[in-house]
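The values are calculated or read from the model by the stated rules, or taken from the named source; none is laboratory data. Small disclaimer: the values here were computed from a predicted structure and weren't measured. So basically every Cβ, Gly included, is an ideal-geometry build from the backbone, and we count neighbours across all protein chains shown. Areas reflect the complete protein model, heavy atoms only, side chains present, ligands, DNA and RNA absent. Shrake-Rupley method; radii C 1.70, N 1.55, O 1.52, S 1.80 Å.
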Amino acid sequence: MTLLMDATPQVKELYPLPLVPRPWVLSSLFAAFNVVLLVFFSGLFFAFPCRWLAQNGEWVFPVITGPLFALTFFSLVSLNFSDPGILHQGSAEQGPLTVHVVWVNHGAFRLQWCPQCCFHRPPRTYHCPWCNICVEDFDHHCKWVNNCIGHRNFRFFMLLVLSLCLYSGALLVTCLIFLVIVVAVPAAGFLVPLSILLLTQAVSVSSADRTYKVKCRHLHGYNPFDQGCASNWYLAICAPLGPKYMAEAVQLQRVVGPDWTSVPNPHPPMSPLPPRPPAPTSGYLPTRKGPPRVW
């Protein structure tokens, strides 16, 4: 690596950074909260669905999810306390007026001066405004672990992302299988008969029949209440109910007057063909017209 010295003043940095460091208490608490959150939800997982599956002979789930949790927890804690590649502060004797140029694979890079750390930064080294440090091969500042991701802990970061993806996928599959066995199978026992009942009622409404039609067969198979599938559904679901039948019968009796007298039925209840009641001596009973549900 060749250094070329020049007295040309340094140009202004492309990314000016604040001089005042950010508060670290809240970010540290947030990183600790993430670790506690991982342990808490993992404890619930191993205490209920994973333990139930293991007790029922499904040992493959704890065998897979256990090492994945250990790997995720190890990489998360290691990334929290790892060194991202901190470059310590230089000497105040160095100045920004001197220009340093380095060659990397036949490419020239001009070293930028860091006013906070008082030295010329190597290529791809930047000053983190949250940590107030210069990090070698700086990638980003991860707020989830409250640490910078750089040259010395980038492997831990990739390991954390990979293990967390595999662990989350294993948790999802295990919980879905647990819900299917514990919840979905008993629910299917209620869903199947309810679906059959719904289908039976839908067919009955479409044909204007009732479930009790076995004892009330229509003459020659003709159903006088059937007005078409659409009309049957309208009458069953959307049509107005109208007044109660008994209330209308009482009102009709009041209209007839006191001359109407009821004659007791001389035949016993078991008589197959009872005679029709005699017509009233005075007055009349108006007949109702229209569809049955509009009476």
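Could you calculate the contour length gain from H140 to H88, that is, 0.36 nm times the residue separation minus the distance between their Cα atoms, to one decimal place in nm?
On the way: separation 52, 0.36 × 52 = 18.72 nm, distance 1.83 nm.
Separation in residues times 0.36 nm, less the Cα-Cα distance, equals 16.9 nm.
Annotation: amide H of N147 within the under-5 Å range of C142, sequence separation 5 or more or interchain, hydrogens built in the peptide plane.
When you count the other C-beta atoms within 10 angstrom of each residue and take the mean per peptide, 190-202, 55-67 line up highest first as 55-67, 190-202. Under the simplified labelling scheme, the F30-V173 pair shows an inter-label distance of 3.3 nm, with each label point 7 Å from Cα along Cα→Cβ.
Consider all pairwise Cα distances in the stretch 108-184 and report the whole-number % of them above 21 Å. Please report the intermediate quantities before stating the final value.
Working: 1449 of 2926 pairs.
Looking at the stretch 108-184, the distances longer than 21 Å represent 50 percent of pairs.
Across all directions, the shadow cast by the convex hull of the stretch 68-198 built on its C-alpha atoms averages 13.6 square nanometres.
Per residue, how much accessible area does the stretch 106-173 show when a 1.4 Å probe rolls over the protein heavy atoms, in square angstrom? List each step's numbers first, then the result.
On the way: 3670 Å² over 68 residues.
That works out to 54 Å² per residue.
Using a 1.4 Å probe on the protein chains only, how many percent of the accessible area of the stretch 67-170 belongs to carbon and sulfur? Summing carbon and sulfur atoms, their accessible area is 64 percent of the total for the stretch 67-170. Between Y234 and F154, the contour length at 0.36 nm per residue exceeds the alpha carbon distance by 22.0 nm.
I'd like to check one number: the per residue accessible area of the stretch 22-73, probe 1.4 Å, reported in Å² as a whole number. Walk me through the intermediate numbers first.
Details: 3360 Å² over 52 residues.
Here the residues of the stretch 22-73 average 65 Å² of exposed surface.
Length gained on full extension, A54 to L37, computed as 0.36 nm times the residue gap minus the Cα-Cα distance: 3.7 nm.
Per-residue SASA remark: R110, around 90 Å² accessible (1.4 Å probe; ligands, DNA and RNA not included).
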